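These notes concern the structure reproduced below.
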Amino acid sequence: EQSFKSVVRKSSEYSSSNAPYENSIVIQTVKGESGVKEEKCWMVSKICAQSDSDAHKMALSQEGRDRGLNPSVAVALPLQLVNNKEKCYQVIRMKCEDGVTFTFLPLNIRSEINFHINAGFALTSNRRSLWQDDGVSKEDIRVRWNDTLLYQEIPKAIINALEELKNQEHKGIIEKASFDILWPVLKIESSIFSRISIGFYEQIVRSEKKLFFSDFSKT
């Protein structure tokens with residue numbers, strides 16, 4: 001799909017920033033093979049690892065500097081404009097198999113969750129896979145780096161995106177929806193990307209963020 005569509009306009013419908021977090025609704029105008037233009041809307045949540053985080057410390061280490069480790073990550077999820085006059089959007093749950101992984105440019109790697117994810121992953125030379133533990137390289141900083149982004153930083157970005165959606169719901173920018181419509185499916189298989197959902201639910205248990213309330217479930 002991406003191969004025949006070109007972005008002809010990209011704009012930010014709104015943006016809110018509360019360092020180290022930044023959230024925005026991005027609208028892309030794309031042109032298909034037939035030349036017909038259509039708009040796609042995305043909620044994008046970006047974070048930069050905080051100074052006390054493992055990712056920040058690894059990035060500032062000598063080896064991290066040598067390898068150019070970047071501790072910023074982002075997640076994106078699709079929205080649908082349901083009221084153009086009022087600029088009101090509906091949240092869409094993306095299929096896990098449609099989630100794409102980016103390291104600044106798209107990779108031919110599925111994120112295996114219902115979000116697109118972008119992070120400065122340590123990649124193999126052909127950019128077809130992430131460095132991961134093969135039983136020998138567990139202590140390699142590239143292995144530890146990828147695990148830290150997946151298990152710690154990306155879950156933070158997802159939680160921040162969910163919190164921002166709740167804030168915009170109260171402002172009428174996002175339609176009200178069931179509180180758990182976007183929560184990742186918990187995966188415990190051996191895939192490296194299962195670390196995202198595991199980290200997400202572990203952080204939710206410890207979090208004091210008000211992510212549970214909705215008109216559909218008073219919890």
For L81, are the conditions met, namely being crowded, with 18+ Cβ neighbours inside 10 Å, of a type outside the set (D, E) and outside any helix (DSSP H, G or I)?
no
Tell me, which residue of the range 92-117 that is farther than 22 Å from I188 by Cα and among the polar types (S, T, N, Q) is farthest from the chain's Cα centre (by Cα)?
N108
If we keep just the residues of the range 23-42 that are touching a Ser or Thr at 6+ places or on another chain (Cβ under 8 Å) and among the hydrophobic types (A, V, I, L, M, F, W, C), which is farthest from E153 (Cα to Cα)?
V30
Within the range 160-210, take every residue that is open to solvent by 60 Å² or more (accessible area, probe 1.4 Å) and in contact with a strand residue (DSSP E or B) (Cβ under 7 Å, 6 or more places away or on another chain) and give me the one that is nearest to S72 (Cα to Cα).
I181
Among residues of the range 118-151, those that are surrounded by fewer than 22 Cβ atoms within 10 Å (Cβ to Cβ), under 19 Å from the mean Cα position of the chain (by Cα) and closer than 14 Å to L69 by Cβ, counted
4
Is one or more of the residues making up the range 62-70 at pLDDT below 90 and either open to solvent by 50 Å² or more (accessible area, probe 1.4 Å) or within 17 Å of Q28 (Cα to Cα) (or both)?
no
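The values are calculated or read from the model by the stated rules, or taken from the named source; none is laboratory data. These numbers come from a predicted model, not from an experiment. Note that we place each Cβ from the backbone using ideal geometry, even for glycine, and neighbour counts take in every protein chain shown. What goes into the accessible areas is simple: the full protein's heavy atoms, side chains included, and nothing from ligands, DNA or RNA. Shrake-Rupley method; radii C 1.70, N 1.55, O 1.52, S 1.80 Å.
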